[in-house]
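Single-structure report; data block below.
The values are calculated or read from the model by the stated rules, or taken from the named source; none is laboratory data. Keep in mind it's a predicted model, so treat the numbers as computed, not measured. Every residue, glycine as well, gets a Cβ built from its backbone with ideal geometry; the counts of neighbours run over all protein chains shown.
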Amino acid sequence: MLNTRWQPVAELNRLRSELERAFGQAGQGRTAASARVFPPLNLWESDDNLYVEAELPGFEMEELEIYVTGGNQLSIAGERKPPEFEGGAWHRQERAFGKFRRTFDLPCDVNADAVSATFAHGILTLTMPKVEEVKPRRIEVKAS
């Protein structure tokens, strides 16, 4: 019998993510028509690491907060400030401004102390080493 422990925080974050996916993030300064999950990202893995690439054009690394909690939960937060100009009026505003936070569960636990981040050309790349317990192990078969 499989025995799993209920994790209410993880369940609430999963529910919030599902609601954001269904309804967009209209409550965070965006209109329903332009609402989408921000930042868009890709997540993939190798035998030893998980990798995340997030599109964050116009940001500086200092404006971002990145956390790995509970071994398998990633949170990326920041704020895009609107451009400053005087004596003008907006005619079109398609880029969203304001605070954002993306939190989601990773497919396995990672070593939070060894996570590295690089930021180049508006792309944040995270390399997150998997904990030893989840890495694949080759089993040697011995003939008798």
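Does at least one position in the stretch 3-12 carry a residue that is assigned to a helix (DSSP H, G or I), under 23 Å from PRO129 (Cα atoms) and either at pLDDT 80 or above or among the small types (Gly, Ala, Ser) (or both)?
yes
All but one of (1) in contact with a strand residue (DSSP E or B) (Cβ under 8 Å, 6 or more places away or on another chain); (2) modelled with pLDDT of 80 or more hold for LEU15, so report the exception by its number.
All conditions are met except number (1).
The rows are residues; the columns are (1) more than 25 Å from GLN7 (Cβ to Cβ); (2) aromatic (Phe, Trp, Tyr); (3) in contact (Cβ under 8 Å) with a residue 40 or more places away in the chain.
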{"residue": "VAL52", "(1), (2), (3)": "no, no, yes"}
{"residue": "LEU56", "(1), (2), (3)": "yes, no, yes"}
{"residue": "GLU84", "(1), (2), (3)": "yes, no, no"}
{"residue": "ALA89", "(1), (2), (3)": "yes, no, no"}
{"residue": "GLN93", "(1), (2), (3)": "yes, no, no"}
{"residue": "GLU133", "(1), (2), (3)": "no, no, no"}
{"residue": "ARG138", "(1), (2), (3)": "yes, no, no"}
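Take LEU106 and tell me if it is within 23 Å of PHE38 (Cβ to Cβ), at pLDDT 85 or above and touching a Pro at 6+ places or on another chain (Cβ under 6 Å).
Answer is no for this residue.
Among the residues of the stretch 95-110, which ones are more than 11 Å from the chain's Cα centre (by Cα), basic (Lys, Arg) and assigned to a strand (DSSP E or B)?
LYS99
Can you tell me how many residues in the stretch 77-116 are out of contact with any Gly (no Cβ under 9 Å at 6 or more places or on another chain), surrounded by 12 or more Cβ atoms within 10 Å (Cβ to Cβ) and of a type in the set (A, V, I, L, M, F, W, C)?
Total satisfying the criteria: 4.
Specify the residue that is nearest to ASN13 (Cα to Cα); the eligible residues are those in the stretch 72-94 that are aliphatic (A, V, I, L, M) and outside any loop (DSSP other than H, G, I, E, B).
Here the answer is LEU74.
Please tell me if THR103 is hydroxyl-bearing (Ser, Thr, Tyr) and touching a helix residue (DSSP H, G or I) at 6+ places or on another chain (Cβ under 6 Å).
It is true that THR103 is hydroxyl-bearing (Ser, Thr, Tyr) and touching a helix residue (DSSP H, G or I) at 6+ places or on another chain (Cβ under 6 Å).
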